[in-house]
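Chemist: I have a structure I would like to understand better, so I am pasting it below and will then ask my questions one at a time.
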Amino acid sequence: MSLFKKSPWLLHYNCSSCNGCDIEVLAALTPMYDLERFGIINTGNPKHADVLLVTGSVNDQNLEVIRSLYAQMPDPKVVVGVGICALSGGIFAQCYNVHGGAAAAVPVDLYVPGCAARPESIIDGVIKAVEILQQKADAMRGRRRTATAAAREAA
Amino acid sequence: MDMTGVGGALLFLIGAPFAGGLLAGADRIVTARMQGRIGPPLLQPFYDVGKLFQKSRLVVNPFQPFYLWGFLAFLLVAGALFFSGGDLLLTVFALAVAGVFLALGAFSANTPYSHIGAERELLQMMAYEPMLLIAVLGLYQSTGSFLVRDILGSDRPPLVELPGVFLGFLFILTIKLRKSPFDLSTSHHGHQEVVKGITTDYSGPDLALIEVAHWYENVLLLGFVCLFFVPLHPALGIALAIATYLLEVFVDNTHARLRWQHTVKLSWWTGAALGLANLAILDLIR
Amino acid sequence: MELLLFLILFPLLPAGLIVLIPHFTTRKIVARSSAAIMAATSIWLAWRCLVGGPEYFHLEAGTIDATMFGLEILIAAYLLYRCRGLPPRRLWIPALVVVQLLAMVGLEFGGQLPHVDRPLYADHFSVIMALIIGIIGSLTAVYSIGYMTEYHNHHPEIPVRRRRFFFTVFVFLSAMFGIVFSNSLSWLFFFWEVTTVCSFVLIGYARTEEAKFSSFHALGLNLLGGIGFLMAIGFEAYFAGEPTLDVDRLIAAGPALAMVPAAGIAFAGLAKAAQLPFSRWLLSAMVAPTPVSALLHSSTMVKAGVFVLVKFAPVFRGTTEGLLLALVGGITFLVTSLVAVSQNNAKRVLGCSTVANLGLVGMCAGVGTPETVWAAVLLIIFHAVAKALLFLGVGPIEHRIGSRNIELMEGLITTRPALGAIMIIGICGMFLAPFGMLISKYAALKALMDSNVLLAGLLAFGSAPTLFFWAKWMGKIVSIPHRPSDVVGPISLDKWVALGTLALGTLGACVFFPWAARWFVEPCVRHAYGATPGLATGGTAVMVGMLLVLFLLPLLYVVLPVPAVRAEGYLAGIGVERGAAFRGAMGKVHEVDMRNYYLSSFFDEHVLMRWGIRVCAALAFAMVVVSWI
Ligand code: SF4
């Protein structure tokens, strides 16, 4: 069953964004756009989340933080970079302490372009990311199945 | 235990997750409508739990699941006891054991958010426990028995004699259902200062179990509400219980969260002023 | 009868031997073997009573009475000697000693004391008490052997007076047996006073300022309670319609004749059981070495206080005095449970909870119906076992972590799994279904509901904070620490014997409680009332079922091997060192440190105690006054 498509739970983390993208992310969560229609919930807790929304560029301060948050998300999980900053560092790319986009810290599955990214495109991005999430889940289940089969054979 | 008793218990053990899940789905839709949204599909809670079961399980330490199982197991014991027509007082005690297990699981993880959640959970229990006991005592006083099956056989609704107790019970029901303004320990609305409180450090299948346990608990509590309407037609009783639930959803959506001091104070005063006073007056009248 | 006399007199033998024998190892052997003999004898006695039923014994007590009188004078002299140099504020204590002395002399030579026909007896209730004293008392004595050595290693500043310690403990045990077997008011009073003095000596053992203060506090309040006893005896000597000092006759005489002595004895019982308004003495008595707290201040001596209350319960049934007594018990239960929430000192929490539970027993005794007495006896048994276990468990923990602070017990379940498990068993035994205390609370709640709704309400409100403070303590013990910590040091075999037996007892009590109820509790109620409430069998089955669930739970690890990945606890992403610390502003690393809620401004100990004392003092006083009217 494609349950992951039906219930993606989000974790939103602001690396060092200008707050523009964050406001748009929150706008997407307002009644106006009603993300809960798609089963999307903003959990605020990596342990409950499937999708990590990253805004802003990765710098010295938040490099470890975002890695730690990512590590605390249970598999399967996807990362969505929101905005230009999360893609490349954007206008902050040249700063002395900036490492680049979200990919500098964690593997990113999908980028939502824009400065700031519009709520509609964020929603669109999340829906696309969910497809990837479902693929990952299927792959995980396949791996698990082969592992148990192998174990049974070995026994 | 007779056959109907066994049947009731089985019905609860098998049926309650479905009923509870649907209730949760309806809750979310109603909440969405109150906020001017469309909201998720009715079956959304089942999707969520199904998904969580497929996720991998992260634990802070290997003891965490143990407490979780304890939580679920004692909820099942409490529910089975209730729906098999057993002793109400023991049901309440089993519920308390379940609550303590949940808190211990969060204590075990030993992280700040879990810890705050656990402390607040215990505070909530301290807040509602007197009124919960008084509700049981009230039903006893009105019907002469602690056994659910005897209460079911009473000839007029206990509500008639126990209006105060019923109101007090509704008050603490808000705490038990984890609704605002008393949603201190889990904060089911995201992005609050305690993150997810007591459930913060559970993930995947463990979190799914917590959800399912809550469904069981909610059904049990609504069953408790039904007891107040007893000799009415069962369908009417259930309808009234669901109406109660909707009332709680309404309260949930119209109230900001209270501080724990107010929670404890308010529920104790309610317990004394509505519950205990009701019992005393009933005692005098008799 | 020989058996009873043996139990009363035998502990004096090791007491004497321990003073005389200079050799430490021999003293240990004496203590261990006599403890074993006491335990065995009390079990033998229990068997005899089970088979044969209650017995009362005739005894020509002339010489014994004279000896007791002489000893009482000696005790008074000793107390007056110890009272020298007290500050003027506390001169009321020696004054009380003098008052008691004069009253005693007056009664003795007034020539009015009724003759006691059958001064010794053993019924089911006293046998239950004897088992508690014989078994828990002996275990505690054995435990103390190891404990006191360690105690002095940890407190080099305290002079070693171990011999005096063990002497007093054994004398105390003798007096306790005396209390539960005496059918004569004046004997009862004598043993009563002996336990007061023993408690005084043992609390003051450390001879620090705090210890001295607490010991005099305890002495003063218990002497004050003793006045109630004298009032009872004096009433029988001068005012009673049918003067008698036989306890059984007094109880049989009913409220019309026996109310004044019953109220007087209840007053004494309230003091001994540290009920409000007297509670403070027990809380400050927690400075005593831990075995003393376990023995005197939780499982036996304070139990003597409620023992007499329950004994006189038939007299209180349905009377105003009984209601007042029940209110004192109920309010004590509520207030001390609330006070316990704000305590972080393990022994003080245990102390508060002891007072609270005794309050519950007092409440049941005041109501005095067969059902409440049934619950009260059950409460006494379960509380004695579980609370002794907790006290004895706190002892070694205190020496390992160097503190009585509950906060420092974090992660005990991993650092010292056995000790942690013992504490958890004890705590569960105190408040959680399906363990002992909850069974009795269940019975008490049902019984109170039938007699007085408000009292049941008091119980409902008092139970809630109990749940809070026990659960948060348990939470500390099961928190898994993020860093390895070292709680080292071996625990002597003596201690393990005591702890293991009590832990098994706490668990066993809930498995075997239906039988215990049938063999001991029901005969005991039947003896007092002629009829006894049975046990709701459905309830028992459920309790056993819950226990089964509890024991089967760990098996799930085997059945459900869901693979789990270890991860740090959630620390907003800034955790370092596997969640033991976090990186705060300016990259500074802070240790994660979590404390329990104590709500001390919400449940202010002083305010609560002040009001509790005022209200309960008024109620207790009213009880005595009403009994005279
Ligand atoms: S992409 Fe633009 S709006 Fe978004 S964080 Fe970067 S600078 Fe701000």
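Chemist: With +1 on the Cβ of every Lys and Arg and -1 on the Cβ of every Asp and Glu, and nothing else charged, how large is the dipole of chain C about its Cα centre, in debye rounded to the nearest 20?
Modeler: 1500
Chemist: Related question: Choose one of A:Asn62, A:Thr146, A:Cys95: the residue whose Cα lies farthest towards the positive end of the charge dipole of the stretch A:9-154 (beta-carbon charges +1 Lys, Arg; -1 Asp, Glu; about the Cα centre).
Modeler: Sorting the options by dipole projection puts first A:Thr146.
Chemist: I'd like the antiparallel share, as a percent to the nearest 5, of DSSP beta bridges with both residues in the protein assembly as shown.
Modeler: 45
Chemist: What is the dipole size for chain B, taken about its Cα centre, with +1 at each Lys and Arg Cβ and -1 at each Asp and Glu Cβ, in debye to the nearest 20?
Modeler: 580
Chemist: Hey, another quick one. Counting Lys and Arg as +1 and Asp and Glu as -1, each charge on the Cβ, what is the dipole of the protein assembly as shown about the Cα centre in debye, to the nearest 20?
Modeler: 1520
Chemist: Against the globular-protein guess of 2.2 N^0.38 Å, express the Cα radius of gyration of the protein assembly as shown as a ratio, rounded to two decimals.
Modeler: Normalised Rg, Cα atoms only: 1.03.
Chemist: Can you bin the stretch A:9-154 into rounded, prolate or oblate? Criterion: square roots of the alpha carbon gyration tensor eigenvalues sorted a ≥ b ≥ c, rounded for a/c under 1.5, prolate for a/b above b/c, oblate for the rest.
Modeler: It comes out oblate by the Cα gyration axes.
Chemist: For the stretch C:1-103, which GluC sites (Glu not before Pro) are both in a DSSP coil and crowded by at most 11 other Cβ atoms within 10 Å?
Modeler: Those that pass, being in a loop and sparsely packed, are C:Glu60.
Chemist: Mind listing, in residue-number order, the residues in the stretch B:49-66 that have at least 50 Å² less accessible area with every protein chain present than in their own chain alone (1.4 Å probe)?
Modeler: Hits at the 50 Å² cut-off: B:Lys51, B:Gln54, B:Lys55, B:Ser56, B:Arg57, B:Leu58, B:Val59, B:Val60, B:Phe66.
Chemist: Please give me, ordered by residue number, the trypsin sites (Lys or Arg not before Pro) of the stretch C:550-627 that lie in loop per DSSP and have at most 16 other Cβ atoms within 10 Å.
Modeler: Taking the stretch C:550-627 and a limit of 16 other Cβ atoms within 10 Å, the loop trypsin sites (Lys or Arg not before Pro) found are C:Arg578, C:Lys588, C:Arg595.
Chemist: Also, I was wondering about something else. Hey, what do the phi angles of the stretch C:255-271 turn into as Karplus ³J(HN,Hα) couplings, whole Hz, using 6.51/-1.76/1.60 and θ = phi - 60°, x for Gly and Pro?
Modeler: The phi angles translate into x, 4, 9, 9, 5, 5, x, 4, 5, x, 5, 4, 4, 4, x, 4, 5 Hz.
Chemist: What is the ratio of the Cα radius of gyration of the stretch C:25-82 to 2.2 N^0.38 Å, with N the residue count, to two decimals?
Modeler: Rounded to two decimals, the normalised Rg is 1.74.
Chemist: If you count, for every residue in A:26-34, the Cβ atoms of partner chains within 10 Å of its Cβ, what is the mean?
Modeler: The per-residue average across the peptide is 2.
Chemist: Just to confirm a number: summing +1 for Lys and Arg and -1 for Asp and Glu over residues other than B:Arg33 whose beta-carbon lies under 15 angstrom from that of B:Arg33, what do you get?
Modeler: Its environment carries a net charge of -1.
Chemist: Also, quick follow-up: Which residues, if any, in the stretch A:50-74 have at least 10 Å² less accessible area in the whole protein complex than in the isolated chain, probe 1.4 Å?
Modeler: Residues shielded by partner chains are A:Asp50, A:Glu64, A:Val65, A:Ser68, A:Leu69, A:Ala71, A:Gln72, A:Pro74.
Chemist: Also: Ordering A:Cys115, C:Cys616 from largest to smallest accessible area (1.4 angstrom probe), what's the sequence?
Modeler: From most exposed to least exposed: A:Cys115, C:Cys616.
Chemist: Something else: Identify all aspartates and glutamates with a Cα-Cα distance to B:Lys265 below 18 Å; exclude those on the same chain that are fewer than 8 residues away in sequence.
Modeler: Those aspartates and glutamates meeting the cut-off are B:Glu119, B:Glu121, B:Glu129, B:Asp183, C:Asp604, C:Glu605.
Chemist: Could I ask something else about it? Using only the alpha-carbon atoms, how far is helix A:119-154 inclined from the longest principal axis of chain A? Give it as 0 to 90 degrees, nearest 10.
Modeler: It is inclined by approximately 30 degrees.
Chemist: At a probe of 1.4 Å, how much accessible area disappears from chains C and B on forming the pair, both sides counted, to the nearest 100 Å²?
Modeler: Buried area between the two chains comes out at roughly 5600 Å².
Chemist: Take the cross-link list C:Lys387/C:Lys476; B:Lys176/C:Lys472; A:Lys6/A:Lys128; C:Lys28/C:Lys212; C:Lys212/C:Lys272 and give me the ones stretching past 24 Å between alpha-carbons.
Modeler: Pairs exceeding 24 Å: C:Lys28/C:Lys212.
Chemist: May I ask you to give the percent of accessible area on the protein assembly as shown that is carbon plus sulfur, with a probe radius of 1.4 Å?
Modeler: In the protein assembly as shown, the share of accessible area belonging to carbon and sulfur is 67 percent.
Chemist: Please determine, in degrees from 0 to 90 and to the nearest 10, the orientation of helix C:301-311 with respect to the longest principal axis defined by the Cα atoms of chain C, where the helix direction is its Cα long axis.
Modeler: So the inclination is approximately 60 degrees.
Chemist: Just name one of C:Ala31, C:Phe391, B:Trp260: the one whose Cα is farthest towards the positive end of the charge dipole of the protein assembly as shown (beta-carbon charges, Lys/Arg +1, Asp/Glu -1).
Modeler: Positive-end residue among those listed: C:Ala31.
Chemist: How do the peptides B:279-285, A:69-75 rank, highest first, by the average count of neighbouring beta carbon atoms within 10 Å per residue?
Modeler: Answer by packing, highest mean first, reads A:69-75, B:279-285.
Chemist: Is the shape of the stretch B:1-125 rounded, prolate or oblate, going by the alpha carbon gyration tensor and its root eigenvalues a ≥ b ≥ c, with a/c under 1.5 for rounded and a/b larger than b/c for prolate?
Modeler: Here the stretch B:1-125 falls in the oblate category.
Chemist: If one puts a single equal scatterer on every Cα of the stretch B:3-285 and applies the Debye formula without solvent, what log₁₀ I(q)/I(0) results at q = 0.12 Å⁻¹?
Modeler: -0.75
Chemist: Can you list the trypsin sites (Lys or Arg not before Pro) in the stretch C:179-255 that are in a DSSP coil and have 13 or fewer other beta carbons within 10 angstrom?
Modeler: Counting only loop positions with at most 13 other Cβ atoms within 10 Å, the trypsin sites (Lys or Arg not before Pro) in the stretch C:179-255 are C:Arg207.
Chemist: Find the Cα radius of gyration of chain C, compare it with 2.2 N^0.38 Å by division, and give the number to two decimals.
Modeler: 0.96
Chemist: Also: Whole Å is fine, so just give me how far the alpha carbon centre of the stretch A:46-95 lies from that of the stretch C:140-202.
Modeler: Computed from Cα coordinates, the inter-centre distance equals 67 Å.
Chemist: Quickly estimate the mean residue ellipticity at 222 nm for the protein assembly as shown, helices only: each DSSP H run with n ≥ 4 gives -39500 (n - 2.57), and the total goes over all residues, rounded to 500.
Modeler: -22000 deg cm²/dmol
Chemist: Moving on. Putting +1 on Lys and Arg Cβ atoms and -1 on Asp and Glu Cβ atoms, find which of C:Gly106, C:Ile233, C:Ala471 reaches farthest to the positive end of the dipole of chain C.
Modeler: Toward the positive end, the furthest listed residue is C:Ala471.
Chemist: Still on this structure: For the residue pair B:Leu258 and A:Arg152, what label-to-label distance in nm results when each label sits 7 Å from Cα along the Cα-to-beta-carbon direction?
Modeler: Going from the B:Leu258 label point to the A:Arg152 one covers 5.6 nm.
The values are calculated or read from the model by the stated rules, or taken from the named source; none is laboratory data. A quick note: this is a predicted structure, and the numbers were derived from the prediction, not measured. In this analysis, Cβ positions are derived from the backbone assuming ideal geometry, glycine residues included, and neighbour counts consider all displayed protein chains. Areas reflect the complete protein model, heavy atoms only, side chains present, ligands, DNA and RNA absent. Shrake-Rupley method; radii C 1.70, N 1.55, O 1.52, S 1.80 Å.
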